[in-house]
C-alpha cells in the first residue's frame, strides 16, 4: 500500500520525515518496499501489508499504527451524517 505522508498527517500529528516514519513502522512489523521523497516535506512510503493485517489497508489504519508508534492522539473523521473531513493537504499521490 502506498501512503502519502501528508495524508497521514491529516489524521495524526507526526513531524518526523517519511524515512523516519517508514523506519519506525518497519520496526513494528510492516515491511517497507520503498520510500520516495516528494519535495522537502512529503514522501510516499510503499508498505507491503501482510494478509493478517487487513486493518492497515487504509490511510486511517496506518495512521492508527503511527499514532501508537509516536504516542500521539489519532484524529478520526466524524461519523455524523453529512460530515466532511477538513483535510490539510491537497497533494496528489503519483501513480506508479
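Would you pick out the residues in the stretch 76-96 that are surrounded by 10 or more Cβ atoms within 10 Å (Cβ to Cβ) and either more than 25 Å from residue 36 (Cβ to Cβ) or modelled with pLDDT of 95 or more (or both)?
Within the stretch 76-96, 76, 77, 78 meet the criteria.
Taking the conditions exactly as written (in contact (Cβ under 8 Å) with a residue 40 or more places away in the chain and either out of contact with any strand residue (DSSP E or B) (no Cβ under 6 Å at 6 or more places or on another chain) or assigned to a strand (DSSP E or B) (or both)), does residue 16 satisfy them or not?
Yes.
May I ask you to list the residues in the stretch 23-33 that are touching a helix residue (DSSP H, G or I) at 6+ places or on another chain (Cβ under 9 Å) and either closer than 14 Å to residue 1 by Cβ or surrounded by 18 or more Cβ atoms within 10 Å (Cβ to Cβ) (or both)?
Here is the first cut: in the stretch 23-33, the residues touching a helix residue (DSSP H, G or I) at 6+ places or on another chain (Cβ under 9 Å) are 24-25, 27-28, 30, 32.
Once the filter is applied, which keeps residues that are touching a helix residue (DSSP H, G or I) at 6+ places or on another chain (Cβ under 9 Å) and either closer than 14 Å to residue 1 by Cβ or surrounded by 18 or more Cβ atoms within 10 Å (Cβ to Cβ) (or both), the stretch 23-33 yields 25, 30, 32.
Hey, does the stretch 26-40 have a residue that's touching a strand residue (DSSP E or B) at 6+ places or on another chain (Cβ under 9 Å), modelled with pLDDT under 95 and part of a loop (DSSP other than H, G, I, E, B)?
yes
Taking the stretch 36-57 on its own, how many of its residues are within 12 Å of the chain's Cα centre (by Cα) and surrounded by 13 or more Cβ atoms within 10 Å (Cβ to Cβ)?
7
The values are calculated or read from the model by the stated rules, or taken from the named source; none is laboratory data. Remember, predicted model here, so these are calculated numbers, not experimental data. Glycine also receives a Cβ, built like all others from the backbone with ideal geometry; neighbour counts cover every protein chain displayed.
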